[in-house]
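Here is the structure we will look at.
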Amino acid sequence: MKVKVAISGYGTIGKRVADAIKLQPDMELVGIAKTKPDYFAFLAYKSNIDVFAVDGSEKNFEDANFPYKGSLSELLSKADIVIDTSPGGMGKNNKTLYEKQGLKMIFQGGEDADIAEVSFVAQVNYNSALGKNVVRVVSCNTTGLARIIYPLHENFKIKEAKVILIRRAADPKETKKGPINCIKPDFRIPSHHAFDLKTIIPDIDIVSIAYVVPTTLMHVHTLMVKLSRNVTQDDIISILKENPRTLVVSKSMGFSDTAQLIEFARDLGRKRNDLYEVAVWEESIFVDGAWVYLIYAVHQEAIVVPENIDAVRSMFELKSQEESMKITDNSLGIGNIFFK
Ligand code: NAD
C-alpha cells in the first residue's frame, strides 16, 4: 500500500517535493492545491498532476477555464498526509482545515516550531518523528547547519560553535524581494538560526550571526566549532564524507563559488539544477588544535526536499532511518557523485 500524499501550496518547495514524491516506490501524489491558476499550476497540469483550488479560490480557476479537480478540502479527503508548502506563516491558518480531515501533516521552516510535535532533519532525528502526526521540516539554513554540526557533535562533542550565515536575498523567481544593492545585517545576535538549530540538537552551544546579500543562488555559511579534543583536517573530511547528503568539493576541481556549484548541478542533469547536498569546500577546512573552521554552501530551493520525503516515511513508520534515507537518495541521484 502506498501512502497518499497531498501538497498544499505549489511554489519553490512544493513543486520540488511533488516531483520527489512521484519518484518514491511507497508514496503516491494525489494532487496539489494552489490559490492561483498561474504558470506553476499549468506546469503541474502538463505533468499529469491533479490540480485543486485552495478553498475559496475556486473562482480564479473557473474564470481561467483551468481544468482543476475540486477544492483543497476534496483533495485532503483523498490523502493520508498533507505536506504544507504554502508561504511561510500561512501553515498555521491551514492547520485547522487539515485537522478537520484527521490527516497527518508536515509543515516547513517558515512556520514557528510550536506548530508541530517535532522539528525534523532526517540525519539527526528521524526516530523522533516515528508515528508522529505533525512534523516541521526546518528551514534551508537550519537543515544545512544541522547536517554539518551533527556529525561533528556526534564524533567529537562540540563544546561551542559560532556560525556566520550569508543568506541569499531571494529565490530566482522572486523579483519583488531584495535587497538588490546592499548587505543587510540581522542585528539580532544570535539570529533565529541558533534557536532553530536547538529544536533539532538541543544540547548545542551556538551563536549565529546572519546577513542577507544580493544573490539568488545559494546561502554560504562560515562555521567555527571548538571540539572536546584536537583533530586533524583528515578527521573532519572523512566524517563529512560519510554522509551522502554532504558533498566535499574543492577549488582544485573548479568549485570556486556558488555559481560553479549550481552549474555542476545543472550539468549533472538535476531537474531545476537542484543541489540537495550541502557543499563543503575542502580547502576551507582549517584546524587549529580543537578549533575547526569551514565554509559550505546551501542550495535553499533544494536542500529540504529529501527531508520532506523521509519525514513521510518516519511518520508512517515505513522504514528505518537508514533504509528511508537510502531510498530517498537513490530516487534523487544523491550519493556516489565523485570518485572515492
Ligand atoms: P512560494 O511562495 O514559492 O510558494 C507558495 C505556494 O503556496 C504558492 O504556490 C502559492 O500559490 C501557494 N499558496 C498561497 N496561499 C496558500 C494557502 N492559503 N494555502 C495553500 N497554498 C497557498 O513559497 P516557498 O518558497 O516554496 O516556501 C514555502 C515554505 O517553505 C515556507 O514555509 C518557506 O519558509 C519554506 N522554505 C522555503 C525555502 C526557499 O528557499 N524558498 C527553503 C526552505 C524552506
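Compute the label zone of S77 within region 101-120: residues whose backbone N is under 18 Å from the point 7 Å along Cα-to-Cβ.
Only 101-104 fall inside the zone, counting backbone N under 18 Å.
Compute the signed sum of charges (Lys and Arg +1, Asp and Glu -1) over the other residues within less than 10 Å, Cβ to Cβ, of F107.
Its environment carries a net charge of 0.
Please give the FRET efficiency for E242 paired with E58, using the beta carbon to beta carbon distance and R0 = 51 Å, rounded to the nearest 0.05.
Plugging the Cβ-Cβ distance into 1/(1 + (r/R0)^6) gives 0.55.
With everything on Cα atoms, drop me the angle between helix 321-332 and the longest principal axis of the chain, reported from 0 to 90° to the nearest 10.
For 321-332 against the chain, the angle is about 70 degrees.
Using a Förster distance of 25 angstrom, determine the FRET efficiency expected from the C-beta separation of K226 and S252, and round it to 0.05.
Step by step, r from the Cβ atoms, then E = 0.30.
Under a Cβ-only charge scheme (Lys and Arg +1, Asp and Glu -1), can you give me the dipole magnitude of region 102-251 about the Cα centre, in debye to the nearest 20?
380 debye
Might you work out the accessible area of K92 for me, using a 1.4 Å probe with all protein chains in place, and round it to the nearest 10 Å²?
120 Å²
List the equivalent ellipsoid semi-axes of the chain in whole Å, largest first, each obtained as the square root of 5λ for an eigenvalue λ of the Cα gyration tensor.
Working through the eigenvalues yields semi-axes of 34, 21, 19 Å.
Using a Förster distance of 25 angstrom, determine the FRET efficiency expected from the C-beta separation of N330 and N155, and round it to 0.05.
0.45
Could you check how many percent of all C-alpha pairs in region 232-338 are farther apart than 17 Å?
Of all Cα-Cα distances in region 232-338, 57 percent exceed 17 Å.
Rank these by accessible area, largest first, 1.4 Å probe: Y45, Y39, Y276.
Result of the area sort, largest leading: Y39, Y45, Y276.
Provide the descending list of Cα extents for region 140-298 along its principal axes, expressed in whole angstroms.
Over region 140-298, Cα extents along the principal axes are 46, 37, 24 Å.
Can you tell me the accessible area per residue over region 154-285, all protein chains present, probe 1.4 angstrom, in square angstrom?
51 Å²
Order I204, I180, most accessible first, counting only protein heavy atoms with a 1.4 angstrom probe.
I180, I204
Can you tell me the dipole magnitude for the chain around its Cα centre, using point charges on the Cβ only (Lys, Arg +1; Asp, Glu -1), in Debye to the nearest 20?
Result for the chain is approximately 360 debye, rounded to the nearest 20.
Less than 14 Å Cβ to Cβ from S208, Lys/Arg counted +1 and Asp/Glu -1: what total charge do the surrounding residues give?
After counting each charged neighbour, the total is 0.
Region 120-185 to region 79-95: how many Å between their Cα centroids?
So the two Cα centres are separated by 19 Å.
Which aspartates and glutamates does K271 reach when only Cα atoms under 15 Å apart count, and residues fewer than 8 places away in its own chain are ignored?
Reachable aspartates and glutamates: D19, E263, E301, D329.
For I206, enumerate residues with amide H under 5 Å from its amide H, sequence gap 5+ or separate chain, H modeled in the peptide plane.
A161
Under 10 Å, Cα contacts only: if you run a Gaussian network model on the chain, which one of S208, S73, S252 comes out with the highest mean-square fluctuation?
S252
Among F316, S208, L227, whose Cα projects farthest towards the positive end of the dipole of the chain, with charges put on the beta-carbon of Lys, Arg (+1) and Asp, Glu (-1)?
Checking the options against the dipole of the chain, the answer is S208.
Measure off, as a whole percent, the carbon and sulfur share of the 1.4 Å-probe accessible area of region 140-298, all protein chains present.
That share works out to 54 percent.
The values are calculated or read from the model by the stated rules, or taken from the named source; none is laboratory data. What you see is a predicted model; the values in this text were computed from it and never measured. Because the Cβ atoms are built from the backbone with ideal geometry, glycine has one as well, and the counts that use them run over all protein chains shown. Areas reflect the complete protein model, heavy atoms only, side chains present, ligands, DNA and RNA absent. Shrake-Rupley method; radii C 1.70, N 1.55, O 1.52, S 1.80 Å.
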